[in-house]
Amino acid sequence: MSLRDNPAHMQPTSSKLPYELLIGWRYTRAGRVAGRNGFISFISGVSMLGIALGVAALIIVLSVMNGFQKEVRDRMLAVVSHIELLAPGGEGFADVNALMAQAKQNTEVLAAAPFVTQQALMARGEDMRGAMVRGIDPEPETQVSDFTLQIPPDVRATLQPGGFNVVLGSELAMAMGVRVGDLITLIAPGGQVTPAGVMPRLKQLHVSGVFDSGHYEYDASLALLHMEDAQRIFRLEAPTGVRLKIKDSQQARSVAYDLAVKLGPEVIVRDWTRQNRTWFAAVQVEKRMMFIILTLIVAVAAFNLVTTLVMTVTDKRADIAILRTLGASPKSIMAIFVVQGATVGVLGTLGGLLLGLSVAFNIDVIVPAIEHMLGASFLPRDIYLISRMPSDPQAADIWPIALISLVLAFLATIYPSWRASRVNPAQALRYE
């Protein structure tokens with residue numbers, strides 16, 4: 001059997017690679033190697049660069065969104081409880097110790113702490129601010145909330161029954177111009193009825209400390225009192241709720257359901273996902289939309305391969321005709337150009353993965369350098385809750401990105417490759 005009868009023998013005998021693969025790779029780099037078809041090579045390079053930039057953009061954006069969600073969630077969980085047990089109507093629990101003991105029977109519950117929470121006004125001179133007043137028992141509270149551990153022990157020790165000391169969030173203290181040692185006035189809702197009318201209940205508090213939870217929303221609105229002082233101010237007989245910490249915060253919803261079944265309708269069970277359901281739902285919707293929008297960028301770059309391959313097929317009509325006369329089947333001709341397009345797609349995807357992951361894992365260095373160079377802040381703390389750009393690359397996002405990029409690149413090669421397989425050798429060689 002001669003070479004003309006069997007195109008598979010056109011490759012060197014030492015090579016075990018199919019000749020379709022070798023020719024496809026040769027066509028991919030022909031513009032650079034032979035110094036010809038420079039424009040086709042340029043278009044091919046642009047397609048590869050477009051795929052790489054699209055893939056990198058997807059990885060970077062989704063990594064930042066994952067990091068943002070994780071950062072806010074972690075800081076939020078340092079302040080809010082994994083699960084809260086609340087009394088209906090805001091009334092206190094008659095036997096809060098029994099309730100905590102019953103909740104701890106669940107093997108997922110690590111710790112429990114009673115609390116009182118009410119909204120009130122904080123006033124200093126003419127300045128008044130709304131605040132969420134939380135009455136706590138300092139020692140058990142450190143077992144259910146991480147941010148209280150960041151409060152110095154000597155400051156926590158000032159929260160004693162009857163002392164009427166208060167620890168303010170840093171942003172709230174700054175907004176009121178309050179420092180440690182100052183006096184502020186708490187104005188409680190539901191005033192006293194007197195012959196002169198309804199008079200608001202006022203209580204002067206001593207600012208014994210300031211905390212910074214790292215979460216702007218809570219730093220700007222939360223005030224901590226001792227639980228017994230809060231009960232006296234708001235005229236409550238017992239704590240209004242119990243805060244629970246569980247082993248895995250991601251299982252809070254299922255644990256809350258089990259507790260709700262066990263404790264019955266007289267106890268309202270609320271987990272942290274329900275407290276911030278709107279925010280987390282908005283983040284998920286935004287993440288999906290960004291994925292779709294940025295995938296379109298990859299799609300546009302991938303389908304630029306159609307132009308590249310159509311031009312290559314037109315330029316290589318004589319080569320195709322010669323291969324056909326040597327015995328190459330239409331399927332083999334199609335495979336050659338599929339290899340050429342797929343090579344561009346694979347190299348572009350790999351380049352995008354390398355670039356995207358390099359930026360995603362080093363964004364904590366790159367962004368501050370850009371901010372310093374431009375003299376601007378990309379994340380104002382009072383708007384975005386955090387002041388640095390977080391990043392959390394996840395394999396669950398990266399693999400679909402790479403797969404979609406490769407699939408789009410492969411789909412873009414089908415029509416030009418099919419067109420190449422339909423070239424008539426006689427017509428292609430007529431004017432050669």
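The values are calculated or read from the model by the stated rules, or taken from the named source; none is laboratory data. Note that the structure is predicted; figures quoted are calculated from it, not measured. Ideal geometry is used to build each Cβ from the backbone, glycine not excepted, and the neighbour counts take in all protein chains shown. The area values use the complete protein model at the heavy-atom level, side chains included, leaving out ligands, DNA and RNA. Shrake-Rupley method; radii C 1.70, N 1.55, O 1.52, S 1.80 Å.
Of note:
- Dipole-positive endmost among VAL109, ALA157, GLN119 within region 101-210 (Cβ charges, Cα centre): GLN119
- Residues ARG388 and THR185, FRET efficiency given R0 of 51 Å [Cβ-Cβ distance, rounded to 0.05]: 0.90
- Entries in LYS70/LYS247; LYS247/LYS287; LYS70/LYS245 that, when Cα-Cα distance is taken, lie over 25 Å: LYS247/LYS287
- A Cα-only calculation for region 239-357 places Rg and Dmax at 28.5, 91 Å.
- Charge context of ARG201, other residues only, Cβ under 11 angstrom, K/R +1, D/E -1: +3
- Residue ranking by accessible heavy-atom surface, 1.4 Å probe, largest first, among ARG277, ARG388 comes out as ARG277, ARG388.
- The length gained on full extension between ASP364 and ALA282, counted as 0.36 nm times the residue separation minus their Cα-Cα distance, comes to 27.1 nm.
- In terms of its alpha-carbon gyration tensor, region 94-197 comes out oblate; a/c meets the 1.5 threshold, while b/c is at least as large as a/b.
- Summed residue charge, Cβ within 14 Å of ALA256's Cβ, Lys/Arg positive, Asp/Glu negative: +3
- Total formal charge among the other residues, if their Cβ is under 9 angstrom from that of ARG243, Lys/Arg +1 and Asp/Glu -1: -1
- At full extension, ARG235 and SER329 could sit 24.8 nm farther apart than now, given 0.36 nm per residue minus the alpha carbon distance.
- Here the gap between ALA94 and THR314, fully extended at 0.36 nm per residue and compared with their Cα-Cα distance, gives a gain of 70.6 nm.
- Ranked by how many other beta carbons lie within 10 Å on average, peptides 290-301, 217-228, 347-358 from highest: 217-228, 347-358, 290-301
- Over the C-alpha trace of region 265-306, radius of gyration and Dmax come out as 19.1, 66 angstrom.
- TRP279 contributes an accessible area of around 70 Å² to the protein surface, as traced by a 1.4 Å probe with all chains present.
- For ARG26 and LEU202, a Förster radius of 60 Å and the Cβ-Cβ distance give a FRET efficiency of 0.10, rounded to the nearest 0.05.
- Centroid-to-centroid separation of region 310-353 and region 59-101 [C-alpha atoms, Å]: 57
- Above 21 Å, the calculated P(r) of region 155-248 contains 42 percent of its Cα-Cα pairs.
- Sulfur and carbon atoms: percent of accessible area, region 236-334 [1.4 Å]: 61
- ASP146 versus LEU296: modelled label distance in nm, points set 7 Å from Cα along the beta carbon direction: 3.8
- Between region 230-264 and region 136-156, the alpha-carbon center distance in angstrom: 18
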